[in-house]
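As structure tokens, the structure follows; a few thoughts come after it.
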Ligand SMILES: Cc1cc2nc3c(=O)[nH]c(=O)nc-3n(C[C@H](O)[C@H](O)[C@H](O)COP(=O)(O)OP(=O)(O)OC[C@H]3O[C@@H](n4cnc5c(N)ncnc54)[C@H](O)[C@@H]3O)c2cc1C
């Protein structure tokens, strides 16, 4: 940690620091520089000051004793009376990470009637299922749920806490990381665990132009959220393992200041994230009407259709059928992309698909870096030919 200090007795008020600051973080007030919240502690003002009146102070950061924080905790989400499948994906990733450092994977269930899911979770290789089951937890209230998970973290001291990047998880995880004054990385696309137990949280950053590797070096636990369909789910074992631990409901639940007035469930909608086969149209399509061949090919294959973002921006499609960072993550058995270039914002959310077939006229298109089958050619020839063959093959 560092901060900038301005030495009043040396400052002549020349204003050079304010002129050089690339972030506009220095205001001149009464002829003297004054730092505002935009300061990034880059140190350019230090170099620009001819009087050496600006200094950068390094402060020592207290680091936690990492050996006291062990194992991986997965928040097993139950919503709408169902265990969210992202929970099994997080357990799968947790088990993979845990192997490297000899950790165990534990889960925590919070809600009303959630004990019923504890027994099932024992079949996924976890060493403990902690349960906070109470009628007061019937509906998600962020403060009440956070109080339960906080209680368990204080008891179990996990090094890593994984939460699904669902609406519920996105509300819960930041509250928890704030309570522990520690880091949280949202929407990780990849996770690795170093030998020193630092979690490398990888996700696209700066508009997807780089894959950032984020680590929480001085604090524990390390919080990460991961979207549904990004990781492989844990395999179910016949044998159950691990213990179910029923935890006492912490005081924070009764002290919750939120109350649920009414709940109006949104009828479940078919999502492209659940499709086993997807045909995707990109900007290689010349007009909206040409989407019909994408839809026809999808229908003939018994699958669903989607597009890239530019087609949503043109108004040809809605956001719920857009694949990508600002759309949905998909992981079908088969995905056929037609006229899609393969920008990172798109591929990061489909590159876990089992079979990727890409059709593009440009042999250097980045989509071919992730494709298992690369078809260099015109979608206006290839898609109709595939449709024709599929129709002919029909009994
Ligand atoms: C913060 C941020 C978030 C974003 N989120 C998303 C997102 O969620 N989803 C998303 O898709 N994008 C997203 N983008 C945009 C992304 O960067 C790309 O611009 C976008 O994915 C490109 O879409 P495209 O491949 O359809 O179009 P293009 O990049 O224009 O590619 C069209 C491709 O079609 C090929 N082609 C042209 N004619 C034919 C033909 N006749 N036959 C075969 N191939 C042909 C071309 O060779 C080209 O490769 C985001 C960008 C930012 C900055």
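The numbers here are math on the coordinates, done by the rules we state, and not lab data. This structure is a prediction, so every number in the text was calculated from the model and none was measured. Glycine gets a Cβ as well: all are built from the backbone with ideal geometry, and neighbour counts include every protein chain shown.
Results, tabulated for the structure shown:
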item	result
Gap separating the Cα centres of region 107-133 and region 253-292, nearest whole Å	27 Å
Space enclosed by the convex hull of the alpha-carbon atoms of region 1-135, per residue, Å³	211 Å³
Percent RCO, i.e. relative contact order, over the chain, from Cα pairs under 8 Å lying at least 6 residues apart	12 percent
Highest-fluctuation residue, 43, 315, 324 considered, GNM on the chain with Cα pairs under 10 Å	43
Anisotropy class of region 161-203 from Cα gyration tensor, a/c 1.5 cut	oblate
Residue 40/residue 283 FRET efficiency (R0 30 Å; Cβ-Cβ; nearest 0.05)	0.25
Debye log10 I(q)/I(0) for region 2-58, one point scatterer per Cα, at q = 0.21, 0.26 Å⁻¹	-0.68, -1.09
Mean Cα-pair separation over length for region 1-100, i.e. relative contact order, pairs under 8 Å, 6 or more apart, %	27 percent
Under 14 Å from the residue 99 label point (7 Å along Cα→beta-carbon), backbone N, region 223-260	232-235
Pairs of alpha carbons in region 74-204 whose separation is greater than 27 Å (percent)	12 percent
Considering only the chain, percent of DSSP beta bridges that pair antiparallel, nearest 5	30 percent
Calculated FRET value between residue 244 and residue 192, using beta carbons and R₀ = 35 Å, to 0.05	0.70
Extended-chain gain in nm, criterion 0.36 nm per residue less alpha-carbon gap, residue 213 and residue 56	53.9 nm
Estimated FRET transfer efficiency (residue 8, residue 181; beta-carbon r; R0 25 Å; 0.05)	0.20
Contact order relative to length of region 2-58, as percent, for alpha carbon pairs under 8 angstrom and 6 or more apart	47 percent
Inter-centroid distance (Cα atoms) of region 6-49 relative to region 54-103, Å	39 Å
Projected area averaged over orientations for region 272-393, convex hull of C-alpha atoms, nm²	6.5 nm²
Whole-Å distance, taken between Cα centres, linking region 309-328 and region 339-395	18 Å
For the chain: rounded, prolate or oblate by the Cα gyration tensor [a/c cutoff 1.5]	oblate
